[in-house]
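The values are calculated or read from the model by the stated rules, or taken from the named source; none is laboratory data. Note that this is a predicted model, so its numbers are computed, not measured. Cβ placement follows ideal geometry from the backbone for every residue including glycine, while neighbour counts extend to all protein chains displayed. Keep in mind that these areas ignore ligands, DNA and RNA; they rest on the heavy atoms of the full protein, side chains included. Shrake-Rupley method; radii C 1.70, N 1.55, O 1.52, S 1.80 Å.
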Amino acid sequence: MKEYSLYIAAKAYVERCPPDEIGNLKPRDIAKKYNVGISYLSRIFGKYCYMTLQQYLEMYLMLNFHDVVNRLEVPTLKEALARMKIKNTNYFIRKYKRRYSHTPGLFCKWLREAREKQQKK
């Protein structure tokens, strides 16, 4: 498989992954699926996507988290992480805070407050 087609296939595999499985998807799982090494696949992602496979998975996880929280009626961090079946919540919170400079719990709180304000209008 050529580099670019491997990149497209791996990226599509990640994007087709349901939100409840994306939290536990690892670079080694994707590399194993395409019978390549993790470092080789990460290097290809770096070449075409300007981030490693791990960084892409983290970014995609955060986007899915926002999507799940937006779909919840009364979003709570615990419920969102449970729906996404994220096992290592401390890791997720640390990565989220590093990326957005606030915690995912605070994001859920802001969303709840915004919805309450809209309902009052």
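Numbers at a glance
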{"read-out": "C-alpha center-to-center spacing [the stretch 72-106, the stretch 1-45] in angstrom", "value": "23"}
{"read-out": "Trypsin sites (Lys or Arg not before Pro) lying in DSSP loop within the stretch 1-100, provided at most 11 other Cβ fall within 10 Å", "value": "K2, K87"}
{"read-out": "Angle in degrees between helix 53-71 and the longest Cα principal axis of the chain, rounded to the nearest 10", "value": "30"}
{"read-out": "Value at 222 nm in deg cm²/dmol, rounded to 500, when DSSP H runs of n ≥ 4 in the chain each add -39,500 (n - 2.57)", "value": "-23500 deg cm²/dmol"}
{"read-out": "Solvent-accessible area, 1.4 Å probe, carbon plus sulfur percent, for the chain", "value": "52"}
{"read-out": "Over the stretch 51-121, relative contact order from alpha-carbon pairs under 8 Å, at least 6 apart, %", "value": "29"}
{"read-out": "Helix axis angle, 89-100 relative to the chain longest principal axis, alpha carbon, degrees", "value": "90"}
{"read-out": "Among L72, N35, Q54 the positive-end extreme of the charge dipole of the stretch 1-120 (Cβ point charges)", "value": "Q54"}
{"read-out": "Accessible area per residue in Å² at 1.4 Å probe, computed on the chain", "value": "65"}
{"read-out": "The chain: radius of gyration over Cα atoms, expressed as a fraction of 2.2 N^0.38 Å", "value": "1.21"}
